Structure formats: structure tokens, C-alpha cells
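A.B. asks: Please see the structure below; I have some questions.
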Amino acid sequence: MTKEELQALSSEFHSTPRERLSQRVKDILDNGNAFIDTHCHIFDNKCTPFGKYIDASSMDTHKSKRVQLKRDINDFFKLLVKESSREILIYYYENFYNINTDILVPLMVDLDKGWVKHPEKGSIKSIGEQIVEIKNIMNDFPIIPFLAVDPHRTKNEKPENDLYANFHKAFTGKNKFFGIKIYPGLGYTPSDDRLDPIYSICNAYDIPVTTHCGTGLIHTRKHFRKTRGKAAFKGKIIPKDYSFYKRNGKRKPFRIIANELNHPDKWEPVLEQYQNLKINFGHYGGKAAWDAYINYPNSETNRVAVINSFAKKYKNRVFADVSTTFTKGHTFQLICDQFNREPIIKDILMYGSDIHVILPFTDFCHQLDSFKKISGKNMELLSVTNPRKFLGI
Ligand SMILES: [Zn+2]
């Protein structure tokens, strides 16, 4: 589908956020006892052969940054062999969550264009098939799904993987998707012009955006070379010929590229252009950014500082989830300790788990308990009030 064809269909997307919720989610919200996980994943082995990546990523570029697996990763292996997202979700609800009160926001993941070097190692299920599967799951489980969006999927794609066709499929008809997920580290800037037709529909119909703003562990492995769109960088618009991939004629390590692309400053042109668009910065910049922020709170380029300054400038449009970040040592405690010094943090902070991705590294039950303990009287604010504000429901 071309962008003109998508634009011509734009009235078909007409819906309020509430109209995009499934009955199961509405029932829980109306009962007033909800707990919302704003950032998790339910991809199975046929959507994203994740097991193949774990080793590859730990071996990549920086030996010193090898990931540390937890001792007992049985729970992760159990998930790894599952071949349907429904089974993954059943596992979560049986082991960690309560199906009558807890609403999950699963973010689709599409690593094929950026991460996968060899197409045969990529997804077995097409994006179109995954959309149908998730729409079906909405009948039975309280989920609010977000669609993975990758601008590399606008040219020479099979119809079932075509970005604009899938966006149309996800957000129209019975059981609609709710938001979109952007992953710049896979090789594009958030202001990539191929995303404009999508942002303008999101802007018109209150479709929220979650972007990855954490580590560069999952990163592009291709040199796309060109920077598209007018991305900002350290407060300036990047020249069109700027390369994220090379410096002084030499290739940069992929993690470094991903870290630059994932930096929240790239979002400024998008926040400026689409004045109704809401963005959740997933992982709130990540642990390293938080450690640096606590030590040097006046740095203007620190990710946390940038997110907080956006939150003040673009009122009620900027949010940050603590997925992954809350499992790292005392980082979540550090964030909560900042509440009195910087009240804006309290307005934008949301609970998110990143469950699936964090299972190989951490004991999830323990982490969920410690989230509840540390957030204390703010738990409802972080797991219900702020997520509902971000989602507009
Ligand atoms: Zn995630």
C-alpha cells in the first residue's frame, strides 16, 4: 500500500481510545480494581526466534558488556518453545498476573529488518498473521496491544508484511489495536518521513506511541547509511547527509549507533510537528542514564534530563515506563527518591515490566513484589492513574 492509499483511507481509522478497548478490558476498568502493565511482550518462537538472539547479542561487539543470565532460567526456556502468543499469555496469567484485575499492554516486536542478517533466521509468522492472532486473543484476555512499526517495511514487501497495509488491518475492523511501538535502534530515526502518514493518523485519533529508550542491546546489524527525516541531535537538526553509521570514514559499533538512534532528543521534531501525539519513553532512558543523571543532574544531554524537559514542555503528552529499568539494582528506588525534588517525574512515571525479555535475567515474582513495596502509596498512581492518562482511557 502506498502512503497516498493509506491517506485516502484515513477516515476509516475514526475511533476514540475507549472504542478501541475490548469488552474484557472495559469490564476491568469499570470495576475499578485494575493494575496495568504498560510494557510487556507476548511474541512466541514463530514471531521472533528470540533464543537465537540471546547468544548472538551477548557475543556482540563489546565483550565487557556480556549479559549475565540468572542461574535458573527454566521459566524462560518454557516460554521459548511456545509457538503461540496465546500460550505465552496463559503462562503469564498462571504464574504472575491475575486475569480478573491485571491488564497487559503487549508491544509487538519486529526485529527482522534491522537485526536479522539472514532472512531464514527471521520470523516464521508474517506481521499480518500476528495481527490476526492478537486480535483473536483480545476476545479472551484483557490486553491492549501495540503494533510494531518499522519504516523499512514500506517498499518491496510482501502484502502480509507491508507496513501501511498492516497498520490499516490492525486499526480497523472488529478488535482494534490500540497504539504503536517504535524501535529506532533497529536502524531509523523516529522522524523518518515514511512514518509521517502513520503519525498523522495517530495524532488525529489519539493513538499513543511507545518508543524504546533503553539499552542498545537489540540493535540494527545493517548499515542503512541514510538518515531520513529531520531528526534533532543535541538540540540541532541533523544535516541530511549525517551518518549514524560512520564516523571519519570508519564504521561505528552497532551498539553505539543504536544508542544514538534511541536517544530521546530524536523525538523533538515529531513532538513539534504532531501537537496531539502522546509518547511513552520505554525504560525511561535505562539504568546507565539514571545513574549518570543522579550524579550530574544538570547535564542537558542526559536521556532522563531530555525526557523530563520534554515532559514539562509538552504537557500531558510525554510519559516514561520503568520496564527493565526497575529490575536493575536500586534504580527504581532512585527514581522514586526523586519525586519530591522533581514532581514532574510523578506525573509521567508508569509501571511496565518488559516481561519475556527480562525473564532470562531476573526472578520476576521477586521484582514485581519489590516494585509494589518501593512504590508504596504511589503504586496506584504508577500502575493505574498514569497509564490511563497515557492511554487516554
Ligand atoms: Zn520491551
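A.B. asks: Quick one: would you say Thr61 is within 16 Å of the ligand (Cβ to nearest atom) and either at pLDDT 55 or above or part of a loop (DSSP other than H, G, I, E, B) (or both)? Let's see the steps before the verdict.
C.D. replies: Details: within 16 Å of the ligand (Cβ to nearest atom): no; either at pLDDT 55 or above or part of a loop (DSSP other than H, G, I, E, B) (or both): yes.
So Thr61 does not fit the description; no.
A.B. asks: Scan region 345-357 and report the pairs whose first residue is under 17 Å from Arg303 (Cα atoms) and whose second residue is within 16 Å of the ligand (Cβ to nearest atom) and in a loop (DSSP other than H, G, I, E, B), with Cβ atoms within less than 7 Å and a gap of 6+ or a chain change.
C.D. replies: Leu349/Val322
A.B. asks: Please state which of the following conditions Trp115 fails to meet, knowing it meets all the rest: (1) at pLDDT 90 or above; (2) crowded, with 23+ Cβ neighbours inside 10 Å.
C.D. replies: (1)
A.B. asks: While we're here: Which numbered condition in (1) modelled with pLDDT of 95 or more; (2) hydrophobic (A, V, I, L, M, F, W, C); (3) within 16 Å of the ligand (Cβ to nearest atom) is the only one that Leu79 fails?
C.D. replies: All conditions are met except number (1).
A.B. asks: Select from region 24-45 the residues that are within 16 Å of the ligand (Cβ to nearest atom) and farther than 16 Å from Asn386 by Cα and list them in ascending order.
C.D. replies: Cys40, His41, Ile42, Phe43, Asp44
A.B. asks: Using the structure shown, decide if Thr215 is part of a loop (DSSP other than H, G, I, E, B) and either within 14 Å of the ligand (Cβ to nearest atom) or more than 19 Å from Gly114 (Cβ to Cβ) (or both). Spell out how you get there, then give the answer.
C.D. replies: On the way: part of a loop (DSSP other than H, G, I, E, B): yes; either within 14 Å of the ligand (Cβ to nearest atom) or more than 19 Å from Gly114 (Cβ to Cβ) (or both): yes.
Considered against the rule, which asks whether it is part of a loop (DSSP other than H, G, I, E, B) and either within 14 Å of the ligand (Cβ to nearest atom) or more than 19 Å from Gly114 (Cβ to Cβ) (or both), Thr215 comes out as yes.
A.B. asks: Considering (1) in a helix (DSSP H, G or I); (2) away from the ligand (no atom under 16 Å from the Cβ), say which one Gln367 fails and leave the rest.
C.D. replies: For Gln367, the failing item is (2).
A.B. asks: Conditions: (1) assigned to a helix (DSSP H, G or I); (2) in contact (Cβ under 8 Å) with a residue 40 or more places away in the chain. Thr301 meets all but one. Number of the miss?
C.D. replies: (1)
A.B. asks: I'd like the full set of residues that are under 23 Å from Lys176 (Cα atoms) and free of Cβ contacts under 8 Å to residues at least 60 places away in the same chain, limited to region 99-133.
C.D. replies: Those that are under 23 Å from Lys176 (Cα atoms) and free of Cβ contacts under 8 Å to residues at least 60 places away in the same chain: Ile99, Ser126, Ile127, Gly128, Glu129, Ile131, Val132, Glu133.
The values are calculated or read from the model by the stated rules, or taken from the named source; none is laboratory data. This is a predicted model, so every value here is computed, not measured. Positions of Cβ are generated from backbone atoms using ideal geometry, with glycine treated the same way; all protein chains shown enter the neighbour counts.
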